[in-house]
Amino acid sequence: MAKDIVFYDYWRSSASYRVRIALNLLGLPAEYRPVNLLTREHLNSDYLALNPQGLLPALIIDGTTLTQSLAIIEYLHASTPGSGLLPQDIDGQYKVRQLSYAIAMEIHPVCNLSIVNHVAEITGGGDEAKKAWMQHFIAKGLTAFENLLDDPGPFCHGDKPTMADCCLIPQLYNAKRWEVDLSALPNIRRIMEACQALQAFKDAHPDAVGAPAPG
């Protein structure tokens with residue numbers, strides 16, 4: 001049965017990007033409603049009524065409101081027959097979650113733009129402080145992620161993209177944005193190439209979604 005999906009996202013939000021990839025991999029069309037972080041639309045009362053955390057993304061599926069990107073992806077996996085976002089075996093599920101959490105719970109929180117802006121403000125370092133912070137923590141996190149990879153498949157785990165790939169690719173978009181050197185991370189670069197060849201990832205890319213109109 002077709003799902004009625006409304007998706008609140010921001011084009012450059014890593015968490016939103018993860019869910020866009022997952023929706024595309026599952027072939028689930030959604031009505032996209034952009035929320036402009038730069039104009040603080042996420043703090044409007046209407047959006048806070050939907051998501052009290054004031055974070056993106058939020059997804060309404062058949063009338064049920066979901067927040068937190070990994071929880072959303074797991075919900076989509078569990079409610080979509082034939083989903084491969086998590087493997088069927090418990091060891092594979094553990095591995096995909098381990099890799100996903102390494103990005104979503106280790107790299108992303110300290111590299112959130114609100115954190116970086118605060119660091120620049122209290123240090124007086126401006127854009128140079130932001131870039132140095134991002135390069136340090138993204139490189140450190142991705143190096144650890146590289147060392148966690150133990151599967152020779154083209155993707156993070158096996159021969160099909162999973163939730164881990166949904167997490168990795170948005171982080172690599174941020175790495176490129178902040179000019180992080182990936183030359184010493186061959187497995188990550190291999191996975192990136194495999195994902196970038198798939199239409200589901202191409203269509204989820206921020207450049208494909210486009211920045212919201214100012215206002």
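The values are calculated or read from the model by the stated rules, or taken from the named source; none is laboratory data. In this text, all values refer to a predicted model and were calculated from it rather than measured experimentally. When we count neighbours, we look across all protein chains shown, and the Cβ atoms used for this are built from the backbone with ideal geometry, even at glycine. Surface accessibility is based on the protein's heavy atoms, side chains included, excluding ligands, DNA and RNA. Shrake-Rupley method; radii C 1.70, N 1.55, O 1.52, S 1.80 Å.
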(request) Please give the net charge around Pro57, taking every other residue with its beta carbon less than 11 angstrom from that of Pro57, where Lys and Arg add +1 and Asp and Glu add -1. (result) +2
(message) Before I look further, what does segment 164-215 give for accessible area per residue, probe 1.4 Å, in whole square angstrom?
(response) 49
(request) Please go through the residue pairs Lys130/Lys202; Lys95/Lys176; Lys140/Lys176; Lys95/Lys160 and name each one whose alpha carbons sit more than 18 Å apart in this structure. (result) Lys130/Lys202; Lys95/Lys176
(message) Can you give the FRET efficiency to the nearest 0.05 for Ala78 and Met105, using r as the Cβ-Cβ distance and R₀ = 22 Å?
(response) 0.60
(request) Quantify, in whole percent, the carbon and sulfur part of the accessible surface of the chain (1.4 Å probe; protein heavy atoms only). (result) 54
(request) In a Gaussian network model over the chain where Cα atoms closer than 10 Å are linked, find which of Pro186, Pro57, Pro87 has the largest mean-square fluctuation. (result) Pro186
(message) What do you get for GluC sites (Glu not before Pro) in segment 99-196 restricted to DSSP loop and a cutoff of at most 14 other Cβ within 10 Å of the site's Cβ?
(response) Glu179
(request) Just need the relative contact order of the chain here, percent rounded to a whole number, with Cα pairs under 8 Å and 6+ apart. (result) 25
(request) State the label only: which of (i) 51, 44, 27; (ii) 80, 38, 31; (iii) 84, 35, 31 corresponds to Cα extents along the principal axes in Å computed from the shown model? (result) (i)
(message) Expected output is a single nm value to one decimal: the length gained when fully extending between Glu179 and Asn112, i.e. 0.36 nm times separation in residues minus the C-alpha distance. What is it?
(response) 22.5 nm
(message) Taking loop as defined by DSSP and a crowding limit of 11 other beta carbons within 10 Å, which GluC sites (Glu not before Pro) in segment 1-94 fit?
(response) none
(request) Could you check the simple spin-label distance between His205 and Thr64, using points 7 Å along Cα→Cβ, in nm with one decimal? (result) 3.4
(request) Determine the shape class of segment 98-215: with a ≥ b ≥ c the square roots of the Cα gyration tensor eigenvalues, call it rounded for a/c under 1.5, and otherwise prolate if a/b is greater than b/c, oblate otherwise. (result) oblate
(message) Under the rule of at least 5 residues apart or a separate chain, name every residue whose amide H is placed under 5 Å from the amide H of Tyr32.
(response) Phe7
(message) Let me cross-check Asp4: its accessible surface, 1.4 Å probe, with only protein heavy atoms counted, in Å² to the nearest 10?
(response) 100
(message) Given R₀ = 41 Å, what would the calculated FRET efficiency be for Asp127 paired with Ala197, taking r from the Cβ atoms and rounding to 0.05?
(response) 0.75
(request) Calculate for the chain the 222 nm mean residue ellipticity that helices alone would give, adding -39,500 (n - 2.57) per DSSP H run of length 4 or more and normalising by residue count, nearest 500 deg cm²/dmol. (result) -16000 deg cm²/dmol
